[in-house]
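Student: I have a structure I would like to understand better, so I am pasting it below and will then ask my questions one at a time.
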Amino acid sequence: MTAEALATSARPTVIHPWWVRITHWVNAVAMVMMIGSGWEIYNASPLPLFRFELPKSITLGGWLAGALAWHFAAMWVLVVNGLVYVTLGLATGRFRAKLFPIRPREVVRDFVAALRRRLSYDDLSVYNSVQRLLYLIVICAGVVIVLSGLAIWKPVQFQELTTLFGGYDRARYVHFFAMGTIVAFLPVHVVLALIVPKSLRAMIVGR
């Protein structure tokens, strides 16, 4: 084996290219801002079927106007960052390679293996079926939360979009449940990163 071949074989595999790492961390910051400010907005105008008040300690903005300012600022960061991520994910074929196929039988198998702590994380470049399903769900939830947010923000200008969600009030519920899906995903994502610390390192340095 030549020296060049040895160097190539010894070089760590790139698990996450630079654009995945950048968009991941930008998205993490923007999403925290969106959720915190969204909870403050919710406190000011709760949904009729879910009347409860969230603690001020986990909200952002201090009051309605401040929360709206944070929400709209983070919204544009999230939209632009999301467009970059989705466009490159599709153009490079990463989504196809990483997220598909998703087979119900394999999802159940990997889920049971995870519960029994028998799921292998040796090769971080390959997602198991549960990861594929969860990542696909959260990407779809991200798309829905942006579209429903636009329908709520500009119901007249985007009246076709608002109508698609069943009107302004129903669009608020769709927005709420999409947010709930993302919030439910976050602790699972963080816990897994702590259980498998090399996955966190890979999202920082790429290898």
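The values are calculated or read from the model by the stated rules, or taken from the named source; none is laboratory data. Since the model is a prediction, treat every value here as computed from it, not as a measurement. Note that each Cβ is placed from the backbone with ideal geometry, even for glycine, and that neighbours are counted across all protein chains shown. Just so you know, the surface numbers come from the protein's heavy atoms only, side chains and all, with ligands and any DNA or RNA stripped out. Shrake-Rupley method; radii C 1.70, N 1.55, O 1.52, S 1.80 Å.
Student: For the range 191-202, state whether one or more residues are of a type in the set (V, I, T), out of contact with any Asp or Glu (no Cβ under 8 Å at 6 or more places or on another chain) and open to solvent by 90 Å² or more (accessible area, probe 1.4 Å). Let's see the steps before the verdict.
Tutor: If we filter the range 191-202 for residues that are of a type in the set (V, I, T), which is where we start, we get 191, 195-196.
Then drop every residue that is not out of contact with any Asp or Glu (no Cβ under 8 Å at 6 or more places or on another chain), which leaves 191, 195-196.
Those left that are additionally open to solvent by 90 Å² or more (accessible area, probe 1.4 Å): 195.
Scanning the range 191-202, I find at least one residue that is of a type in the set (V, I, T), out of contact with any Asp or Glu (no Cβ under 8 Å at 6 or more places or on another chain) and open to solvent by 90 Å² or more (accessible area, probe 1.4 Å), so the answer is yes.
Student: Only residues in the range 95-106 that are farther than 20 Å from V14 by Cα count as the first member; pair them with residues that are open to solvent by less than 50 Å² (accessible area, probe 1.4 Å) and of a type outside the set (D, E), Cβ under 6 angstrom, at least 6 apart or cross-chain, and list the lot.
Tutor: Within 6 Å, the pairs are I102/R132; E106/S129.
Student: Sort out which residues of the range 70-95 are of a type in the set (A, V, I, L, M) and either surrounded by 14 or more Cβ atoms within 10 Å (Cβ to Cβ) or closer than 19 Å to I182 by Cα (or both), and write them in order of number.
Tutor: A73, A74, M75, V77, L78, V79, V80, L83, V84, V86, L88 - these are the residues of the range 70-95 that are of a type in the set (A, V, I, L, M) and either surrounded by 14 or more Cβ atoms within 10 Å (Cβ to Cβ) or closer than 19 Å to I182 by Cα (or both).
Student: How many residues are in contact with a helix residue (DSSP H, G or I) (Cβ under 9 Å, 6 or more places away or on another chain) and either surrounded by 14 or more Cβ atoms within 10 Å (Cβ to Cβ) or over 19 Å from A184 (Cβ atoms) (or both) if we restrict to the range 48-69?
Tutor: The qualifying residues number 14.
Student: Kindly indicate whether any position in the range 59-66 is more than 26 Å from R170 (Cα to Cα) and modelled with pLDDT under 95.
Tutor: There is at least one residue in the range 59-66 that is more than 26 Å from R170 (Cα to Cα) and modelled with pLDDT under 95.
Conditions tested, residue by residue: (1) of a type outside the set (D, E, K, R); (2) more than 18 Å from I145 (Cα to Cα); (3) in contact with a Gly (Cβ under 9 Å, 6 or more places away or on another chain).
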| residue | (1), (2), (3) |
| --- | --- |
| M31 | yes, no, yes |
| L60 | yes, yes, yes |
| F72 | yes, no, no |
| L78 | yes, no, yes |
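Student: Looking for whichever is without any contact (Cβ under 8 Å) to a residue 40 or more places away in the chain, in a helix (DSSP H, G or I), under 14 Å from A30 (Cα atoms) and of a type in the set (A, V, I, L, M) here; the options are L83, L90. Which one fits?
Tutor: From the options L83, L90, the qualifying one is L83.
Student: Right, another one. Only one of (1) touching a helix residue (DSSP H, G or I) at 6+ places or on another chain (Cβ under 6 Å); (2) within 21 Å of P187 (Cα to Cα) fails for R118. Which number is that?
Tutor: (1)
Student: Let me ask another. Determine whether H175 is under 25 Å from A202 (Cβ atoms) and within 20 Å of the chain's Cα centre (by Cα).
Tutor: No; evaluated as a whole, the condition is false for this residue.
Student: Which of (1) farther than 24 Å from V190 by Cβ; (2) in contact (Cβ under 8 Å) with a residue 60 or more places away in the chain does W18 not meet, given it meets every other one?
Tutor: Unmet condition: (1).
Student: Still on this structure: Residue check, L161 against (1) open to solvent by 40 Å² or more (accessible area, probe 1.4 Å); (2) hydrophobic (A, V, I, L, M, F, W, C); (3) under 21 Å from G38 (Cα atoms), all met but one. Which one?
Tutor: (1)
Student: Inside the range 98-128, can you point out the residues that are surrounded by 12 or more Cβ atoms within 10 Å (Cβ to Cβ), in a helix (DSSP H, G or I) and hydrophobic (A, V, I, L, M, F, W, C)?
Tutor: Those that are surrounded by 12 or more Cβ atoms within 10 Å (Cβ to Cβ), in a helix (DSSP H, G or I) and hydrophobic (A, V, I, L, M, F, W, C): L99, V107, V108, F111, V112, A113, A114.
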